[in-house]
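K.L.:
A single structure is presented below for examination.
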Amino acid sequence: MEPAESSCVCTSLRMVTRSVNRLYDHALSEVGIRVTGYSILSRLAEEGPLPISRLAGRLAMERTTCTREVAPLLDAGLVETTTGSDRRVRILRLTESGARKRAEAYPLWEGVQRRLADDFGDTDITALLERLRRLQASSNRLSQP
C-alpha cells in the first residue's frame, strides 16, 4: 500500500524519515545496531568526548531522547560515561569496542548511502541535503522566542 500524500511538511518529513530509517536499520541490523546508534557512535568518533547535552544538540535531539538512545550503547560497552569538572555533567566517550563497531557498520551504512544515491540520483541527493539543511535552519529560526 502506498503512503498517503500530505501537504503538511512535518507529516511528509516524518513519513520519509520512517521509510529511510527502515533502510538503514535493516542494513545495520547485520552488526546489531540501529541508525540512531550509528549516528551517535559517528558523532563521538568525529568530535571526541561530549557532554550528553552537547551531543543531543549536535544531533538535533532532545536531551531526554538522546539519553534514551545512548542507554543501549552504554549497556553494550560501545560508549562510556564519566563526569566532568561539574559533577552534574555526564561526558560520553566512544570506547575501543564502540570504534570497532562503528568501523564494522560503516560499509553497511555506506552501502545504503550508495543505493539511495544510485536510485534517487547523486545530484538530487546533494540538492536534497542542502535543502534539508536550509529547512532545519529555518525551523530553528522560527522556533526562537
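The values are calculated or read from the model by the stated rules, or taken from the named source; none is laboratory data. Since the model is a prediction, treat every value here as computed from it, not as a measurement. Every residue, glycine among them, receives a Cβ derived from its backbone with ideal geometry; neighbour counts consider all protein chains shown. Remember, those area values only see protein heavy atoms, side chains included, never the ligands or the DNA or RNA. Shrake-Rupley method; radii C 1.70, N 1.55, O 1.52, S 1.80 Å.
K.L.:
When only residues in the stretch 1-34 that are of a type outside the set (Ser, Thr, Tyr), farther than 21 Å from residue 140 by Cα and modelled with pLDDT under 95 count, which is surrounded by the most Cβ atoms within 10 Å (Cβ to Cβ)?
P.N.:
So the residue we want is 3.
K.L.:
Quick test for you: out of 68, 43, 100, 88, pick the one residue that is under 26 Å from residue 18 (Cα atoms), open to solvent by 70 Å² or more (accessible area, probe 1.4 Å) and of a type in the set (D, E, K, R).
P.N.:
Only one candidate qualifies: 68.
K.L.:
Could you please find all residues in the stretch 118-135 being open to solvent by 90 Å² or more (accessible area, probe 1.4 Å) and closer than 13 Å to residue 13 by Cβ?
P.N.:
Once the filter is applied, which keeps residues that are open to solvent by 90 Å² or more (accessible area, probe 1.4 Å) and closer than 13 Å to residue 13 by Cβ, the stretch 118-135 yields only 131.
K.L.:
Considering the stretch 83-119 alone, what residues qualify as being free of Cβ contacts under 8 Å to residues at least 12 places away in the same chain and of a type outside the set (Asp, Glu)?
P.N.:
Hits for the stretch 83-119 are 83, 85, 87, 88, 100, 103, 106, 107, 113, 114, 117.
K.L.:
OK, next. Restricting the search to the stretch 1-53, which residues are basic (Lys, Arg) and either over 20 Å from residue 64 (Cα atoms) or not in a loop (DSSP other than H, G, I, E, B) (or both)?
P.N.:
Those that are basic (Lys, Arg) and either over 20 Å from residue 64 (Cα atoms) or not in a loop (DSSP other than H, G, I, E, B) (or both): 14, 18, 22, 43.
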